[in-house]
Structure formats: structure tokens, C-alpha cells
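Everything below concerns the one structure shown next.
The values are calculated or read from the model by the stated rules, or taken from the named source; none is laboratory data. Here the structure is a predicted model, which means the values were calculated and not measured. All Cβ positions, even for glycine, are placed from backbone atoms using ideal geometry, and neighbour counts span all protein chains on display.
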Amino acid sequence: MVPRTEAVYLNDATLRTLTTEVLSSQPIPSLSEEEKSLAKSVPAEYNAITMHRTIFYAQGGGQPSDTGAIGPVDQDPTFEVSLVRKTPDGRFLHFGKFLHAASSFVAGQPVVQKVDDSKRNYHSRLHTAGHIVGLAMQLLMPDKKKVKANHFPREASMEYEGLLYNEHKPIIQEKVDELVRLDLPILISWLQGATQVGDGEGAEEGRSHDGRTRIASIGGLDHNPCGGTHVAKTSLVGSIIIRKISRQKGISRVAYDVSPGIEA
Ligand SMILES: [Zn+2]
């Protein structure tokens, strides 16, 4: 049984490089059925690497996986990470491919992780923008219950019970602009136990193996269980654009984006 992975980014989301040790390196066909089910979107010839600790964000809570590279200490990376998924028992599977067929990792080997910085920053901005849209909605329409959040590029949106219309767009836009302008800090704290706070979204990703719950708060104005990565303050999101408000089966979707995009 491979031990669980320590998710270093939960306490320090600023790290883009980390030295740790390999726990396992396996070709995908040798994984358990449960592990294989997490690798459906990657080619079967890829490998899965687990390590003692990780700075790679694993896809979940509406936020995409980090990408990057792993390599032996003091050498160029030999393994390209294209997807990271977390197993229910807390192991992080880093899916990807060796750049040369002769490369491999062995258990216990020290390796250096490198996370793609521009992608991580972009994902963190999109995710934090979702919190800001959520806080704006909470301040403007406290009775509207959030049902879903998606912080993926080009799909980012927050969904609410009840009906919202185009006339709400400028009001929400004005409130998110204000929250960005106020430059509020994003505060991370840990609560003992699986405390029910906020709307419960992200509670699973935010729960640690010792039963604590990670809470993200914008300037102390809201409290949401969350395991995602954030920028340090609201101004670092850039501009938030409320793109579109749509309705389906009694649920309203507030689609948003951040500017500049990933190229900046
Ligand atoms: Zn969050």
C-alpha cells in the first residue's frame, strides 16, 4: 500500500519547485481499476508517478489540474506531467510521459517537481474570481443558493437556484469590480472537524486527512470550505468580466472570465 501524498500547496500555494522522493512509478495498465478510472483522458502508454509530497494541484473542486515536469535532482526534467488526480485515499497520481524511452524513476529516488507557473497563476486567478463572484452574489442577493462552481478556462461560471436575468449583469459586474478594487486579502485557515460553513462547495478537496477543513475567505467577509489555489489578494485576479447570464430548469448560470488571459 502506497502512503498518502502530502499536498504542500494547501499551505503554500506560491511554490513552483519542490524536491521530494518518488514513492512509485507505474505504467497505467498496471494500475488498479479505480486508479485507471482517473486516467481515462490520458494515453494508455503514459505512466503514473506518486511522490512523498507534491506542489501539483490535482483536478477537483472545479479547478483543472496543474501541469509541469519532474526530473532527477540537478538535472533537466525527464518526465512531463499532463494530469494530476487524487485517489479517494489521498494519493496523488501524476500522469505523464518520460521524455526518453530509457528514463525511469525508482522508489526512494529524490526528484525535483516543477509546476507550470503561467498556467497555475491563470487557474488561481480564475478560481479566486469565482470566489469574488460568489461574494458579490452573497452581498447582493443573500437568498440565492449557490449550487455549482466551475473555474475551468472558457467554462468558468457560478450557478444559483432561481432566476437571474440580463438586467442583473451590470449590478453583479459593478460589485465584483468594487471587490477587486478594494484589494481584499484571500485568507486561508483550518477548522477542526468537518464543520459545515458556507455552501459546502469544495468541502471534499478542502478536507485534510486528519479531519480538518480548509477555509478560504475574502477579507473575512465570507467563509467557504475550499481545497483550491488562490492569488493572495483580489486585485491580483486582474479584471473580472461577467460574460453572460443564462437559465435552465430553474437554475441560473453566471458565466465569467478574467482578463488578461493566460498569455499575460
Ligand atoms: Zn477556493
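Are any residues in the stretch 245-264 touching a residue at least 40 places away in the same chain (Cβ under 8 Å), in a strand (DSSP E or B) and not small (Gly, Ala, Ser), and if so, which ones?
Within the stretch 245-264, Ile245, Arg247, Ile251, Arg253, Val254, Tyr256, Asp257, Val258 qualify.
Restricting to the stretch 58-74, name every residue that is within 10 Å of His94 (Cα to Cα) and in contact with a helix residue (DSSP H, G or I) (Cβ under 8 Å, 6 or more places away or on another chain).
If the condition is that a residue be within 10 Å of His94 (Cα to Cα) and in contact with a helix residue (DSSP H, G or I) (Cβ under 8 Å, 6 or more places away or on another chain), then Asp66, Thr67 are the ones that fit.
Please verify whether Leu93 is buried (at least 20 other Cβ atoms within 10 Å of the Cβ) and in contact (Cβ under 8 Å) with a residue 24 or more places away in the chain, treating the condition exactly as stated.
Values: buried (at least 20 other Cβ atoms within 10 Å of the Cβ): yes; in contact (Cβ under 8 Å) with a residue 24 or more places away in the chain: yes.
Against the criterion (buried (at least 20 other Cβ atoms within 10 Å of the Cβ) and in contact (Cβ under 8 Å) with a residue 24 or more places away in the chain), Leu93 qualifies.
Could you list all residues from the stretch 54-77 that are touching a residue at least 40 places away in the same chain (Cβ under 8 Å) and charged (D, E, K, R)?
Asp66
Exactly one of (1) within 16 Å of the ligand (Cβ to nearest atom); (2) over 20 Å from Arg247 (Cβ atoms); (3) at pLDDT 95 or above is unmet by Gly134. Its number?
All conditions are met except number (2).
As an exercise: evaluate Ala58 against (1) closer than 28 Å to Val147 by Cα; (2) away from the ligand (no atom under 16 Å from the Cβ); (3) among the aliphatic types (A, V, I, L, M) and give the number of the one condition it does not meet.
(2)
If I filter the stretch 195-226 down to residues being at pLDDT 70 or above and of a type in the set (A, V, I, L, M), which single residue comes out as farthest from the ligand (Cβ to nearest atom)?
The residue in question is Leu221.
How many residues does the stretch 1-57 contain that are part of a loop (DSSP other than H, G, I, E, B) and farther than 29 Å from Ser189 by Cα? Explain how you work it out, then say what you get.
Narrowing the stretch 1-57 to residues part of a loop (DSSP other than H, G, I, E, B): 1-5, 11-16, 31-32, 40-46, 52, 55-57.
Now restrict to residues that are farther than 29 Å from Ser189 by Cα: 1, 31-32, 40-46.
Residues that pass the stated criteria total 10.
When you go through Gln138, Gln75, Gln109 one by one, which is the residue that is polar (S, T, N, Q), more than 18 Å from the chain's Cα centre (by Cα), surrounded by fewer than 22 Cβ atoms within 10 Å (Cβ to Cβ) and assigned by the TED database to the domain that holds Ile172?
Only one candidate qualifies: Gln138.
For the stretch 159-194: of the residues being within 24 Å of Gly227 (Cβ to Cβ) and assigned to a loop (DSSP other than H, G, I, E, B), which is modelled with the lowest pLDDT?
Ala194
To keep it simple, each residue is scored yes or no on (1) within 16 Å of the ligand (Cβ to nearest atom); (2) within 25 Å of Ala149 (Cβ to Cβ); (3) without any contact (Cβ under 8 Å) to a residue 24 or more places away in the chain; (4) surrounded by fewer than 22 Cβ atoms within 10 Å (Cβ to Cβ).
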| residue | (1), (2), (3), (4) |
| --- | --- |
| Ser37 | no, yes, yes, yes |
| Lys40 | no, yes, yes, yes |
| His100 | no, no, yes, yes |
| Ser103 | no, no, no, yes |
| Tyr122 | yes, yes, no, yes |
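What number of residues in the stretch 112-158 are within 20 Å of Gln59 (Cα to Cα) and part of a loop (DSSP other than H, G, I, E, B)?
Counting residues in the stretch 112-158 that are within 20 Å of Gln59 (Cα to Cα) and part of a loop (DSSP other than H, G, I, E, B) gives 7.
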